[in-house]
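This report refers to the structure that appears directly beneath it.
The values are calculated or read from the model by the stated rules, or taken from the named source; none is laboratory data. All of these numbers come straight from a predicted model, not from anything done at the bench. Here the Cβ positions follow ideal geometry from the backbone for every residue, glycine too, while neighbour counts run over all protein chains shown. What goes into the accessible areas is simple: the full protein's heavy atoms, side chains included, and nothing from ligands, DNA or RNA. Shrake-Rupley method; radii C 1.70, N 1.55, O 1.52, S 1.80 Å.
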Amino acid sequence: SSSSLRQFVRSHEGYASERWETLSEYHRDMLDNNLEGTNNGMRDMVKYSGIAGTDYKSFGISVSEDVIVSNMDGDIKQKSPSIKCLHAHYAHYRSQVSKVDYKDTDEGINIVGQWTHQVLQEEFPDLIL
């Protein structure tokens, strides 16, 4: 559904932003200005890749003001949204829900991790999660 896709893209955007913000100002400056052997590719990977290194921007979809905007262009090959590394999505989800200010309705929650959690609860009810 478009709601799930929106949440999926938001979780990648939030993950990338959170990772960038954990860097010190010195390290962000180093990456932004190609200092000490860094380059734009390194900066973009750290700043813009999503969960498990997913290049979510290549999906050609961005989330803006609760609207999914498709950047699909007939001349540009876009990747279909895909999921890789369920363990990384699940770890991201668990880190999100462990925060004090977590709300079950938060649209930034990793929906793939949430689905994984639900399946684990259903399939393994005796498992302590």
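Residues of the stretch 83-125 being in a loop (DSSP other than H, G, I, E, B), of a type in the set (A, V, I, L, M, F, W, C) and out of contact with any helix residue (DSSP H, G or I) (no Cβ under 6 Å at 6 or more places or on another chain), which ones?
Result: Val100, Phe124.
Can you find a residue that is of a type in the set (Val, Ile, Thr), at pLDDT 90 or above and over 15 Å from Ser4 (Cα atoms) anywhere in the stretch 70-85?
No: zero hits.
Checking the conditions here, which among Ala52, Ala88 is at pLDDT 90 or above and open to solvent by less than 90 Å² (accessible area, probe 1.4 Å)?
Step by step, each of Ala52, Ala88 is checked, and only Ala88 is at pLDDT 90 or above and open to solvent by less than 90 Å² (accessible area, probe 1.4 Å).
Scan the stretch 7-17 residue by residue and report those that are open to solvent by 40 Å² or more (accessible area, probe 1.4 Å) and either outside any helix (DSSP H, G or I) or over 14 Å from Gly113 (Cβ atoms) (or both).
Residues satisfying the conditions are Glu13, Ser17.
Being exposed (fewer than 14 other Cβ atoms within 10 Å of the Cβ) and of a type in the set (Ser, Thr, Tyr) is the filter here; which residues of the stretch 19-49 pass it?
Result: Thr22, Ser24, Tyr26.
How many residues are free of Cβ contacts under 8 Å to residues at least 60 places away in the same chain and open to solvent by 70 Å² or more (accessible area, probe 1.4 Å) when one looks only at the stretch 103-128?
Number satisfying all stated conditions: 15.
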